[in-house]
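The values are calculated or read from the model by the stated rules, or taken from the named source; none is laboratory data. Not measured: the values here are computed from a predicted model. Here the Cβ positions follow ideal geometry from the backbone for every residue, glycine too, while neighbour counts run over all protein chains shown. When the accessible area is computed, the model is the full protein with side chains, heavy atoms only, and any ligands, DNA or RNA have been set aside. Shrake-Rupley method; radii C 1.70, N 1.55, O 1.52, S 1.80 Å.
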Amino acid sequence: MGGLREVDVPRLPLDRLRDVIGDGRYDALVAAGDGMRDRLAGRTVWNVNSTASGGGVAEMLRVLVGYGAGIGIDVRWLVIDGDAPFFEITKRLHNRIHGSAGDDGALGEAEAAHYDAVAARNATPLLEQVRAGDVVLLHDPQTAGLVAPLEAADAHVVWRCHIGADAPNSWTQEAWRFLEPFVSPAAALVFSRRAHVPDWAQRSARRVTVIPPSIDPLSPKNAPLDDDAIRRVVARCDLPEDDGVPLVVQVSRWDRLKDMRGVMVGFASQVVDAVPEAHLALVGPAVDGVGDDPEGAEVLHECTAAWESLPPDARQRVHLVTLPMDDVEENARMVNALQRRATIVAQKSLAEGFGLTVAEGMWKGNPVVASAVGGIVDQVVDGTGVLLDDPSDLDVFGEALVKLLHDPDGMAAMGRRAREHVLAEFAGDRHLLRWGALLDEVAS
């Protein structure tokens, strides 16, 4: 374990959003920001999670911290450290909160003791910085063990869960039994969807808030790119540069719940023959750059083995792309370029917390083919794409791709509606306003 570390995030001025969201929404955001800055004067807002890169949480924190600092709030971001057994336990919790078994490991007394010990080692340097009255936002299962020591130090603690299952089962119940004692002292609990709030939290006297995530339209992952920049990235990834060649793109971690292998099989079985010019790109991070996900290398290996078993003509049309993680902004720009090059954005997850990569793809004017799980159903509304009721049915997934690829006018209309929907519901000002309201309540 290397110890707690701080992530340096550049300040983001609110006025950069004016031209995107319009004067009315911008004025409301400025007024809310001014009030929040005054009420938080003299306090620090801390964000704590387990990785500075490689996932949606880290990307959202760059937005929250950047804009918070931009309006004059003392907001900071710290990343905890852990050993391999700790991240195996938290990955197990991640899978089971999603309703999936993951590995066959236990979540018993020994695991709770090790989890608590790692949390205590992180709490020591954290408590040297956090003062009474500060607000601390703890993100996801990796940080739940920090709730009690921070509350004992008179900080205002919010635990934010970015994951969840549409319906509870034995796996979710086991994970929540493990986490509830760690989380329950928090002043407030935040979830991405109402369906993700566990029963014990609904019965709790603690404040429970639902805050859907959002994108920053001007971040490196979403800002406009010129054609030359897009072509350079596409060529670097050995993908077809010709816009006339249809390209289906799924961007996600190498995580079994994202079912990259299923996307590959569905594409190969249905699209390769029906749309002979179409290609598929499965895009994920370099697995050595995501320290809190011990399964990434295994899943990439499984996908590579599945690719090697495809017929030769399918192998030529399916591409596994790993993006470097040593430069976070460059990684984001590469994702941006690949999504802009895409003809269709896919997200065939078996389970999902929110799946904000869907909104990112829609912002670029892409139609979506995705599973009707988690927050994806909040993003893909009528006229913006296709939702799959059964994400395990690979034939239906492939057939949906074929139907769209044979309807260019329909895809274009879906893409326009998709971008409009993201601007209305998932642009960054919506997220910032909801967080501002919660911080006001907690701090007061």
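So the values come out like this:
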| item | result |
| --- | --- |
| Within region 1-97, helices (runs of 4 or more DSSP H) holding 3 or more residues that are open to solvent by 30 Å² or more (accessible area, probe 1.4 Å), of a type outside the set (Lys, Arg) and more than 23 Å from residue 296 (Cβ to Cβ) | 23-39 |
| Residue check, residue 158 in a loop (DSSP other than H, G, I, E, B), open to solvent by less than 40 Å² (accessible area, probe 1.4 Å) and within 21 Å of residue 79 (Cβ to Cβ) | no |
| Any hit, region 114-124, residues being small (Gly, Ala, Ser), surrounded by fewer than 19 Cβ atoms within 10 Å (Cβ to Cβ) and modelled with pLDDT of 95 or more | yes |
| Region 260-278: number of residues that are open to solvent by less than 20 Å² (accessible area, probe 1.4 Å), farther than 30 Å from residue 55 by Cβ and assigned to a loop (DSSP other than H, G, I, E, B) | 1 |
| Single condition residue 373 does not satisfy, out of (1) over 24 Å from residue 167 (Cβ atoms); (2) open to solvent by 10 Å² or more (accessible area, probe 1.4 Å); (3) of a type in the set (Val, Ile, Thr) | (1) |
| Residue count, region 125-154 (criterion: of a type in the set (Asp, Glu), assigned to a helix (DSSP H, G or I) and open to solvent by less than 20 Å² (accessible area, probe 1.4 Å)) | 0 |
| The one condition in (1) polar (S, T, N, Q); (2) closer than 17 Å to residue 250 by Cβ; (3) surrounded by fewer than 22 Cβ atoms within 10 Å (Cβ to Cβ) that residue 444 fails to fulfil | (2) |
| Residues located in region 384-420, provided they are under 21 Å from residue 213 (Cβ atoms) and surrounded by fewer than 20 Cβ atoms within 10 Å (Cβ to Cβ) | 387, 417, 419, 420 |
| Qualifying residue in region 305-324 (condition: in contact with a Ser or Thr (Cβ under 9 Å, 6 or more places away or on another chain), within 21 Å of residue 253 (Cα to Cα) and at pLDDT below 95) | no |
| Any hit, region 339-348, residues being open to solvent by less than 40 Å² (accessible area, probe 1.4 Å) and among the hydroxyl-bearing types (Ser, Thr, Tyr) | yes |
